[in-house]
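Computed from the coordinates by the stated procedures, all read-outs in this text should not be read as laboratory data. From a predicted model like this one, the values you see are computed outputs, not experimental measurements. In this analysis, Cβ positions are derived from the backbone assuming ideal geometry, glycine residues included, and neighbour counts consider all displayed protein chains.
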Amino acid sequence: MKIVCLIENTSTRDGLQCEFGLSFYVETESRKVLFDMGLGTGALENARRLGIDLSSVDVAILSHGHYDHGGGLRAFLEVNDNAPVYVQEEAFGDHYSRTQQGYAYIGLDKNLEADSRVIKLRGDYMLDGELRLFTDGRGRKEWIPETNATLLVRREEGGYVRDNFPHEQNLLISSGGSHVLLTGCSHGGIVNIMEQCERVTGIIPKTVIGGFHLYNPRTGKSADISLLRDLSVQLSRWPSTYYTCHCTGQEAYESLCSLMPNRIRYISTGDELVL
């Protein structure tokens, strides 16, 4: 299995674009997968520079309904006329972030909701023997970081409520004897997601890749060190190796490195894992 980070906040290679967004390209024994699409066209341009043909992708997955993961959906649909794009049914909801200036829309392009290639799911879904999508257990409150506090949903009757992320889904890949868990931002809490993966699938992934949302870009604040200490203890319950990035934040990442040495690594734009 090969996994390439097409775009992230940082880069390890010259000539590749970076942005506050996320996108991964995955090759399994039988599939070519795009997991998230970044903010705009950057992921597609990086794929071209890396020699990856996104027109050959046969399945695409959107982890949740925020623009830094699905802003590139239109660009992907323009270069690939075949792959279905799997989303949770709430992905095109009215997602907002509270800022000092008011409320900023951070959702997807609603004009794309009716595209025939966009397939809305309600909960867990087995694509095939290699790919399985699952949500993180709706309504759970344990281990959900307070860095989500400014993320809201606008109600039809008016006003805003805190998002509980029913639009978030995660991907378990089982191929060639390897089990890999891909997350987008882990808004529901990475510990909740790990527990749900084991509960739903019976599998403990050897490798976990994605953002942990331990940093709030609106406030510039990282998760408290007390939460990070508890988080490191919880994550160490599993024998997994964690590759994190994007919304985890550099401060939180460095703290986790010291708290669980040799268990967590950073993955940047252009990095490739062969598992």
Go through the range 156-173 residue by residue and turn each phi into a ³J(HN,Hα) via Karplus (6.51, -1.76, 1.60, θ = phi - 60°); whole Hz please, and just put x for glycine and proline.
4, 7, x, x, 10, 10, 5, 6, 9, 6, x, 8, 9, 9, 10, 10, 9, 10
Pop out the ³J(HN,Hα) list for the range 72-86 in order, Karplus 6.51 cos²θ - 1.76 cosθ + 1.60 with θ = phi - 60°, rounded to Hz; leave Gly and Pro as x.
x, 4, 4, 4, 5, 4, 6, 9, 10, 9, 10, 6, x, 10, 8
Residue by residue through the range 222-227, what is 3J(HN,Hα) from phi via Karplus (6.51 cos²θ - 1.76 cosθ + 1.60, θ = phi - 60°)? Round to whole Hz and write x for glycine and proline.
9, 4, 4, 4, 5, 5
Quick one: work out the % antiparallel among DSSP beta bridges in the range 1-87, nearest 5.
60
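Find the Cα radius of gyration of the range 60-118, compare it with 2.2 N^0.38 Å by division, and give the number to two decimals.
Expressed relative to 2.2 N^0.38 Å, the Cα Rg reads 1.18.
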Computed lengthening from Thr241 to Ala149, 0.36 nm per intervening residue step minus Cα-Cα distance:
30.3 nm
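Can you give me the Rg/Rh ratio for the chain, using Cα atoms for both radii and the Kirkwood formula for Rh?
Here Rg/Rh amounts to 0.93.
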For a label point 7 angstrom out from the Cα of Ala104 toward its Cβ, which stretches of the range 51-68 have the backbone nitrogen within less than 18 Å?
65-68
Listed pairs Lys32/Lys221; Lys2/Lys206; Lys32/Lys120 exceeding 26 Å between Cα atoms:
Lys32/Lys221
Give me the compactness ratio for the range 173-234, meaning the Cα radius of gyration over 2.2 N^0.38 Å.
1.26
For the range 64-212: rounded, prolate or oblate by the Cα gyration tensor [a/c cutoff 1.5]
oblate
What translational diffusion coefficient, in µm²/s and rounded to a whole number, does the Stokes-Einstein relation yield for the range 1-78 at 25 °C and a viscosity of 0.890 mPa s, taking the hydrodynamic radius as the Kirkwood radius over Cα pairs?
202
Shape of the range 130-275, Cα gyration tensor, a/c cut at 1.5
oblate
Could you pull out every residue, at least 5 positions away or on a different chain, whose amide H is within less than 5 Å of the one on Val118? Hs are placed 1.01 Å off N in the peptide plane, and Pro or chain starts have none.
Val85
Expressed in whole Å with the largest first, what are the equivalent ellipsoid semi-axes of the range 202-272 derived from the C-alpha gyration tensor as the square root of 5 times each eigenvalue?
19, 16, 10
